[in-house]
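Step one of this worksheet: look at the structure below.
The values are calculated or read from the model by the stated rules, or taken from the named source; none is laboratory data. What you see is a predicted model, and the numbers here were worked out from it, not measured in a lab. Positions of Cβ are generated from backbone atoms using ideal geometry, with glycine treated the same way; all protein chains shown enter the neighbour counts. Only protein heavy atoms, including side chains, enter the accessible area calculation; ligands, DNA and RNA are left aside. Shrake-Rupley method; radii C 1.70, N 1.55, O 1.52, S 1.80 Å.
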Amino acid sequence: MGMTMTQKILAAHAGLDHVEAGQFIEAKLDAVLANDITGPVAIKNLPKMNADKVFDKDRVYLVPDHFTPNKDIKAAEQCKVVREFARAQELTNYFEVGRVGIEHALLPEQGLVTAGDLVIGADSHTCTYGALGAFSTGMGSTDIAAGMARGISWFKVPSAIKFVLTGKPSKWVSGKDVILHIIGMIGVEGARYKSMEFTGDGLKNLSMASRLTMANMAIEAGAKNGIFEVDQVTLDYLAEREKRKPVVYKADEDAEYDETYVIDLSEIKPTVSFPHLPENTRTVDQAGEVRIDQAVIGSCTNGNIEDMEMAAEILKDRKVNDNVRCIIIPGTQTVYLECIKRGWAEIFIKAGAVFSTPTCGPCLGGHMGILAAGERAVSTTNRNFVGRMGHVDSEVYLASPYVAAASSVLGRIAGPDEL
């Protein structure tokens, strides 16, 4: 029996000719990632492993992004632990405020992950890098500590679900709508501990930003990882950034999949995930009259240049509704600067939006937009669990930048075609 893309990457890093679903392996790591919340826990566990040095100062990435710029004393102390560790270890890839980005937007942009890599991170959305043809997954901080020390980790080889994408998305439809559609179809446990593998001739009609968004939210379907077949779009993106040569793994023709879904991208409509699970999806035209208090555009899911462009397209020459707070958070400093260069920052500010430095901020109820009891937000973030963005009696509706921006103008959940 042949192997999937994920299985081939795991086999190569384990030094094996073949692996099968359910098999336990040890594999070499190309990169280990942590942030200001999860990093201190990993760092404090290193001495318990008798480790005083990381396995490779160029392959351990620390990105303080969740509560930065420091929102309070506790956040400042967390970041201090990470900062001092990075200095002591002379880490090459430590990103402080002023040159930071939201970790999963930053690493692809900086060329720190490439096709064929095996990456672990102490953050569940580490699965983002599957958009580049890498195997990447989230782990707990103690596993990350072991990875930092040894450059090796253990894995249970996942089985896989195949998604064959055909057709071309219609106007106002992006990767966010596609992944919300898929999660609504299979549920938040539909891919539990499986690899979601994306292929098909429809891939050519999905930008890298859309792919990053889709891979990012594989975890919202319960997946171990999401991964895209490498094509010319991938190679062109990597060529502009790569610090290491990509290694391309394609699934064997006789690779085994638990399920196969064929999805026509042309049939997908702008989609919204209602509280309090990402699987609770409806198309925008089914949303009804849902008044909102806040719109958030950004995060590791939708903080790329293309996402900012969508927001600017909608907000140009328009005003944010008087009853709505619109918060726009670019994913990296590069994206932030590009927004200024292209005039989008001025569009956002003139529309009445807040334009923030890169940070995870409100996504996890951290800062920069916490919800009070009874408030509703439409957000381009990835989770809408109870209390995710603030009070347990608040509500979060997940959507694309197009829908979030249009909703901020109309004061209710709406699609751009209603403007």
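Between Lys156 and Asp52, the modelled label-to-label distance comes to 3.7 nm, taking each label 7 Å out from Cα in the direction of the beta carbon. Qualifying GluC sites (Glu not before Pro) in the stretch 166-266, where qualification requires a DSSP coil assignment and no more than 11 other C-beta atoms within 10 Å, comprise Glu189, Glu240, Glu253. Return the single residue from Lys162, Lys269, Lys71 with maximal mean-square fluctuation; model: Gaussian network over the chain, springs between Cα atoms under 10 Å. Comparing Lys162, Lys269, Lys71 in a Gaussian network model of the chain, the most mobile one is Lys71.
Each Cα pair under 8 Å and six or more residues apart adds its separation to the average, and for the chain the resulting relative contact order is 17 percent.
Rg ratio for the stretch 16-144: its Cα radius of gyration over 2.2 N^0.38 Å, N being its residue count, equals 1.06.
With a 1.4 Å probe and all protein chains left in place, how much of the accessible area of the stretch 23-104 comes from carbon and sulfur atoms, in whole percent?
Ligands and nucleic acids excluded, carbon and sulfur reach 52 percent.
Based on the alpha-carbon gyration tensor of the chain and its eigenvalue square roots a ≥ b ≥ c, which shape applies: rounded if a/c is under 1.5, prolate if not and a/b is larger than b/c, or oblate? Here the chain falls in the oblate category.
Beta bridges from DSSP with both residues in the chain: antiparallel share about 20 percent, rounded to the nearest 5.
For the chain, with only Lys/Arg (+1) and Asp/Glu (-1) charged at the beta-carbon, what is the dipole magnitude about the Cα centre, in debye rounded to 20?
Taking the Cα centre of the chain as origin, the dipole is about 1000 debye.
For the pair Asp285 and Leu364, the difference between a 0.36 nm per residue extended length and the Cα-Cα distance amounts to 25.7 nm.
Which of the helices in the chain meet the span-like rule: DSSP H, Cα axial reach of 30 Å or more, Kyte-Doolittle mean at least -0.5?
Passing helices, by number: none.
What number results when the radius of gyration of the stretch 335-403, computed over Cα atoms, is divided by 2.2 N^0.38 Å?
Working it through for the stretch 335-403, the quotient is 1.21.
When the alpha carbon gyration tensor of the stretch 124-260 is reduced to an equivalent ellipsoid, its three semi-axes come out at 24, 19, 15 angstrom, largest first.
Between Ser266 and Val247, what length in nm is gained on full extension when 0.36 nm per residue of separation is reduced by their alpha carbon distance?
Length difference between fully extended and current span is 3.7 nm.
For a paramagnetic label modelled on Ile25 (point 7 Å from Cα along Cα→Cβ), amide N atoms under 11 Å away belong, within the stretch 146-187, to 155-158. Less than 5 angstrom separates the built amide H of Glu375 from those of Glu395, all sequence-distant by 5 or more or on a different chain. Applying both filters, DSSP loop and at most 10 other Cβ atoms within 10 Å, to the GluC sites (Glu not before Pro) of the stretch 266-304 gives Glu289.
Were the residues from Met1 through Glu240 laid out at 0.36 nm apart, the gain over their Cα-Cα distance would be 82.4 nm.
Local charge sum around Asp393 (other residues, Cβ-Cβ under 11 Å, Lys/Arg +1, Asp/Glu -1)?
So the environment of Asp393 carries a net charge of -1.
In this structure Glu306 has an accessible area near 60 Å², from a 1.4 Å probe over the protein heavy atoms. Just checking the listed ones, Gly387, Gly374, Gly361: in the Gaussian network model of the chain with Cα springs under 10 Å, the one fluctuating most is Gly374.
Taking a Cβ cut-off of under 15 Å around Glu26, the surrounding Lys, Arg, Asp and Glu residues balance to a net charge of +1, with basic ones at +1 and acidic ones at -1.
Here the mean projected area of the convex hull built on the C-alpha positions of the stretch 365-419 is 3.6 nm². Put a plus charge on the Cβ of each Lys and Arg, a minus charge on the Cβ of each Asp and Glu, and nothing anywhere else: the dipole of the stretch 183-272 about its Cα centre is then about 580 debye.
If you wrap the tightest convex hull around every Cα atom of the stretch 175-320 and split its volume per residue, you get 145 Å³.
Distance between the pseudo-spin-label points of Asp201 and His276 (7 Å out from Cα toward the beta carbon): 4.6 nm. Across all C-alpha atoms in the stretch 302-352, the radius of gyration and Dmax reach 10.4, 31 Å. Is the shape of the stretch 260-419 best called rounded, prolate or oblate, per the rule: a/c under 1.5 gives rounded, else a/b larger than b/c gives prolate, else oblate, with a ≥ b ≥ c the square roots of the Cα gyration tensor eigenvalues? Since a/c stays below 1.5, the shape of the stretch 260-419 is classed as rounded.
The loop-placed trypsin sites (Lys or Arg not before Pro) in the stretch 240-283, going by DSSP, that have at most 12 neighbouring Cβ atoms within 10 Å of their Cβ come out as Lys243. Count Lys and Arg as plus one, Asp and Glu as minus one, and take only other residues whose Cβ is under 12 Å from that of Gly184; the net charge is then -1. Of all aspartates and glutamates in the structure, those lying under 19 Å Cα to Cα from Lys316, and not within fewer than 8 positions of it along the same chain, are Glu306, Asp307, Glu338, Glu346, Asp417, Glu418.
Take the Cβ-Cβ distance between Asp258 and Leu419 as r, set R0 to 41 Å, and report the resulting FRET efficiency rounded to the nearest 0.05.
Efficiency, from the Cβ-Cβ distance: 0.45.
Solvent-accessible surface of the chain, averaged per residue with a 1.4 angstrom probe and all protein chains in place: 38 square angstrom.
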